[in-house]
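J.: One structure, pasted below without further comment.
The values are calculated or read from the model by the stated rules, or taken from the named source; none is laboratory data. What you see is a predicted model, and the numbers here were worked out from it, not measured in a lab. A quick note on method: Cβ atoms are made from the backbone with ideal geometry, for glycine too, and the neighbour counts reach across all protein chains shown.
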Amino acid sequence: DGHQTTEHEHPRWIRINTIKTSLETVLRTTFADYQQTDSIAEVIKAPSTSKYLHIDAHIPDLIALPPRADLSKHRAYLSGNIIFQDKASCFPAYLLNPEAEDGDIIDACAAPGNKTTHLAAVLSRHASSQDTHPSTHQHIFAFERDKRRAITLTKMVTLAGADSLVTVKGGKDFLTADPEAHENRNVGALLLDPSCSGSGIVGRDDGPTLHLPSTAAEHPSTASSRGKKRKRKALPVPKAADEIPAPSTTAEAEVEEDPPSSPSEDLKSRLESLSAFQLKLLKHAMRFPAARKITYSTCSIHPEENEHVVFNALEHSSATGLGWRILRREEQVDGMKRWHVRGAVQAVDSWPREQLSREVVTTVQEACIRCEKGTGEGTMGFFVAGFVRDGDGDPPAV
Ligand code: SAM
């Protein structure tokens, strides 16, 4: 299969679903006979059947097993106690770090639900440490405009035990959510993980090639809805690659619904249309009156979909007085602060500094977080940035 060469370098990442269990319990039960190692390299080079396990140093409750380790029939997976989720894909919910004072949360582009269920796990973790029940205070609204993908999302939310925390807005376009609506008055944090080129996905080159997972291994209960190429009509963004969990293939496989007609089908114009759509979503998120935190992420390696969207959004915020600024590295949650791959210097250097000062541009570069594939860290290519808005008062400069 076409994934072979890269899959060997890609560990099986597993997020422990702390809504249902704990890392300690899973280590004691499911992985009792596994040998722990501090070295991710050791796990990556181990054969798929060997029992090596690495506890991640950046994301809580995340472990790595050897590439292709097959747990898709394991009880822990089928019961929702463990979730296959690439390390990089865990960055956004961890970086957003929704806390009790943040109120309700919107996941704007939610299916299949990796980040939605991660958000729910973070909420329930915070709540249990404070001895309160999160659902009495906080709620997650998960938007997914594609009805079929929304079905998968609902199944994943249920399996993860997150129903009481999450309302799935299936078939609903986030752009049609009214920021001023009564139900959105307490939305304090938004996670934005829009459709992108998917160029960071493992097993995929930079170019717009099409890879479908070789097995029907989506979410166990929805495997039957897979394998067919899907047609979407009249959507503003063509040719995006959206992630779906694929336990037997790559850590997160993609479905590309409308492959480009030729390999060179103008990557540039494709990126232009994707980034215009991504910026539109981000600007919309910035309009929610009670919002104080936003994360923006893609599984793309292209600056046009990443740093450049961030710069455009900051310029928009400053031009319109919305008061958003970048979440600086030193303000980030511990594991993200420590993560060494930051915004691409070349992406930042190419940004015309007409409206943003050199200092802002440098701060943004350091604030942005990237993951690169094939570097021995075992992640996919990924990008995430955080935005914050401080309380009332003068809009901040950065
Ligand atoms: N966050 C998901 C996860 O971690 O499992 C992956 C999201 S995938 C990259 C992007 C998703 O956003 C797709 O399912 C797509 O159908 C959906 N989407 C794209 N535009 C949207 C919009 N305007 N409103 C709601 N959902 C949208």
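J.: Could you please find all residues in region 89-98 being under 30 Å from E9 (Cα atoms) and more than 9 Å from the ligand (Cβ to nearest atom)? Reasoning before the result, please.
T.: Of the residues in region 89-98, the ones under 30 Å from E9 (Cα atoms) are 89-97.
C90, F91, Y94, L95, L96, N97 - these are the residues of region 89-98 that are under 30 Å from E9 (Cα atoms) and more than 9 Å from the ligand (Cβ to nearest atom).
J.: Among A93, A88, A76, which is the only one that is out of contact with any helix residue (DSSP H, G or I) (no Cβ under 8 Å at 6 or more places or on another chain) and among the hydrophobic types (A, V, I, L, M, F, W, C)? Spell out the reasoning first.
T.: Numbers: A93 fails: out of contact with any helix residue (DSSP H, G or I) (no Cβ under 8 Å at 6 or more places or on another chain); A76 fails: out of contact with any helix residue (DSSP H, G or I) (no Cβ under 8 Å at 6 or more places or on another chain).
Exactly one residue qualifies, and that residue is A88.
J.: Have a look at G378, G321 and point out the one that is at positive phi and surrounded by 15 or more Cβ atoms within 10 Å (Cβ to Cβ).
T.: G378
J.: Still on this structure: Would you mention how many residues in region 265-310 are free of Cβ contacts under 8 Å to residues at least 24 places away in the same chain and not in a helix (DSSP H, G or I)? If you could, list the steps in order and put the result at the bottom.
T.: Start the filter on region 265-310 by keeping residues that are free of Cβ contacts under 8 Å to residues at least 24 places away in the same chain, which leaves 266, 268-269, 276.
After this cut, where a residue has to be not in a helix (DSSP H, G or I) as well, the list is 266.
Looking only at that region, the number is 1.
J.: From the set of residues in region 131-145 that are within 22 Å of D178 (Cα to Cα) and either surrounded by fewer than 24 Cβ atoms within 10 Å (Cβ to Cβ) or at pLDDT 95 or above (or both), which is farthest from the ligand (Cβ to nearest atom)? Reasoning before the result, please.
T.: Start the filter on region 131-145 by keeping residues that are within 22 Å of D178 (Cα to Cα), which leaves 137-145.
Still in the running and either surrounded by fewer than 24 Cβ atoms within 10 Å (Cβ to Cβ) or at pLDDT 95 or above (or both): 137, 139-145.
Working: H137: 23, H139: 17, I140: 12, F141: 11, A142: 9, F143: 4, E144: 5, R145: 4 Å.
Within region 131-145, the match that is farthest from the ligand (Cβ to nearest atom) is H137.
J.: Now for a separate question. In contact with a strand residue (DSSP E or B) (Cβ under 6 Å, 6 or more places away or on another chain), under 21 Å from A291 (Cβ atoms), of a type in the set (S, T, N, Q) and not in a loop (DSSP other than H, G, I, E, B): is that true of T167 in this structure? First the steps, then the outcome.
T.: Working: in contact with a strand residue (DSSP E or B) (Cβ under 6 Å, 6 or more places away or on another chain): yes; under 21 Å from A291 (Cβ atoms): yes; of a type in the set (S, T, N, Q): yes; not in a loop (DSSP other than H, G, I, E, B): yes.
So T167 passes the test.
J.: Return the residue satisfying two criteria in turn: it lies in region 104-130 and is small (G, A, S) and at pLDDT below 95, and of such residues it is nearest to the ligand (Cβ to nearest atom). Walk me through how you get there before you give the answer.
T.: Initial filter on region 104-130 (small (G, A, S)): 108, 110-111, 113, 120-121, 124, 127-129.
Filter once more, keeping what is at pLDDT below 95: 124, 127-129.
On the way: S124: 18, A127: 22, S128: 23, S129: 24 Å.
Per the stated criteria, the residue is S124.
J.: Scan region 334-355 for residues that are of a type in the set (A, V, I, L, M), assigned to a loop (DSSP other than H, G, I, E, B) and surrounded by 19 or more Cβ atoms within 10 Å (Cβ to Cβ) and report the count.
T.: As a first pass, look at region 334-355 and keep what is of a type in the set (A, V, I, L, M): 336, 341, 344-345, 347-348.
Those left that are additionally assigned to a loop (DSSP other than H, G, I, E, B): 341, 344.
The next check asks that each one be surrounded by 19 or more Cβ atoms within 10 Å (Cβ to Cβ); those that pass are 344.
Counting residues in region 334-355 that are of a type in the set (A, V, I, L, M), assigned to a loop (DSSP other than H, G, I, E, B) and surrounded by 19 or more Cβ atoms within 10 Å (Cβ to Cβ) gives 1.
J.: If you check E180, E101, which single one turns out to be in contact (Cβ under 8 Å) with a residue 12 or more places away in the chain, out of contact with any Gly (no Cβ under 9 Å at 6 or more places or on another chain), away from the ligand (no atom under 14 Å from the Cβ) and of a type in the set (D, E, K, R)?
T.: After ruling out the rest, the residue left standing is E180.
J.: Go through region 283-303 and give me each residue that's closer than 19 Å to Q355 by Cα and within 18 Å of the chain's Cα centre (by Cα).
T.: P303 - this is the single residue of region 283-303 that is closer than 19 Å to Q355 by Cα and within 18 Å of the chain's Cα centre (by Cα).
J.: On the given criteria, is T25 assigned to a loop (DSSP other than H, G, I, E, B), over 27 Å from F382 (Cα atoms) and not charged (D, E, K, R)?
T.: Numbers: assigned to a loop (DSSP other than H, G, I, E, B): no; over 27 Å from F382 (Cα atoms): yes; not charged (D, E, K, R): yes.
Considered against the rule, which asks whether it is assigned to a loop (DSSP other than H, G, I, E, B), over 27 Å from F382 (Cα atoms) and not charged (D, E, K, R), T25 comes out as no.
J.: Is there a residue in region 207-214 that is over 18 Å from the mean Cα position of the chain (by Cα), surrounded by fewer than 23 Cβ atoms within 10 Å (Cβ to Cβ), at pLDDT 95 or above and assigned to a loop (DSSP other than H, G, I, E, B)?
T.: no
J.: Which condition breaks for K155 when tested against (1) surrounded by fewer than 22 Cβ atoms within 10 Å (Cβ to Cβ); (2) away from the ligand (no atom under 13 Å from the Cβ); (3) in contact (Cβ under 8 Å) with a residue 24 or more places away in the chain; (4) of a type outside the set (V, I, T)?
T.: Condition not satisfied by K155: (2).
J.: Output the residue which, of all residues in region 170-205 that are of a type in the set (S, T, N, Q) and in a loop (DSSP other than H, G, I, E, B), is nearest to I83 (Cα to Cα).
T.: Narrowing region 170-205 to residues of a type in the set (S, T, N, Q): 176, 184, 186, 195, 197, 199.
Filter again for in a loop (DSSP other than H, G, I, E, B), leaving 186, 195, 197, 199.
Working: N186: 29, S195: 21, S197: 24, S199: 23 Å.
Restricting to residues being of a type in the set (S, T, N, Q) and in a loop (DSSP other than H, G, I, E, B), the top hit is S195.
J.: Let me ask something else. Looking only at region 43-85, how many residues end up being crowded, with 16+ Cβ neighbours inside 10 Å, modelled with pLDDT under 95 and closer than 23 Å to K20 by Cβ?
T.: 3
J.: Here is a further query. Quick check: is even one residue across region 71-88 touching a His at 6+ places or on another chain (Cβ under 6 Å), within 12 Å of the ligand (Cβ to nearest atom), within 20 Å of I14 (Cα to Cα) and assigned to a helix (DSSP H, G or I)?
T.: First pass over region 71-88, keeping only residues touching a His at 6+ places or on another chain (Cβ under 6 Å): none.
Checked against the condition, which is being touching a His at 6+ places or on another chain (Cβ under 6 Å), within 12 Å of the ligand (Cβ to nearest atom), within 20 Å of I14 (Cα to Cα) and assigned to a helix (DSSP H, G or I), region 71-88 yields no hits at all.
J.: Residue by residue through region 307-345, note down the ones that are charged (D, E, K, R) and closer than 20 Å to A93 by Cα.
T.: The first filter runs over region 307-345 and keeps only residues charged (D, E, K, R), leaving 307, 315, 325, 328-331, 334, 337-338, 342.
Within region 307-345, E307, R325, R328, R329, E330, E331, D334, K337, R338, R342 qualify.
J.: Follow-up question, since we're still on this one. Given the condition more than 25 Å from A93 (Cβ to Cβ) and of a type in the set (A, V, I, L, M, F, W, C), answer yes or no: does some residue in region 50-67 qualify?
T.: Within region 50-67 (the criterion being more than 25 Å from A93 (Cβ to Cβ) and of a type in the set (A, V, I, L, M, F, W, C)), the answer is no, since none of the residues qualifies.
Let's see how each residue does on (1) among the small types (G, A, S); (2) more than 16 Å from the ligand (Cβ to nearest atom); (3) at pLDDT 95 or above:
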{"position": "P245", "(1), (2), (3)": "no, no, no"}
{"position": "A253", "(1), (2), (3)": "yes, no, no"}
{"position": "D258", "(1), (2), (3)": "no, no, no"}
{"position": "H284", "(1), (2), (3)": "no, no, yes"}
{"position": "T298", "(1), (2), (3)": "no, no, yes"}
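J.: Another question, then. Looking at region 313-345, which of its residues are acidic (D, E) and more than 19 Å from the chain's Cα centre (by Cα)? Before the answer, list the steps.
T.: Narrowing region 313-345 to residues acidic (D, E): 315, 330-331, 334.
Answer for region 313-345, where residues must be acidic (D, E) and more than 19 Å from the chain's Cα centre (by Cα): E315, E330, E331.
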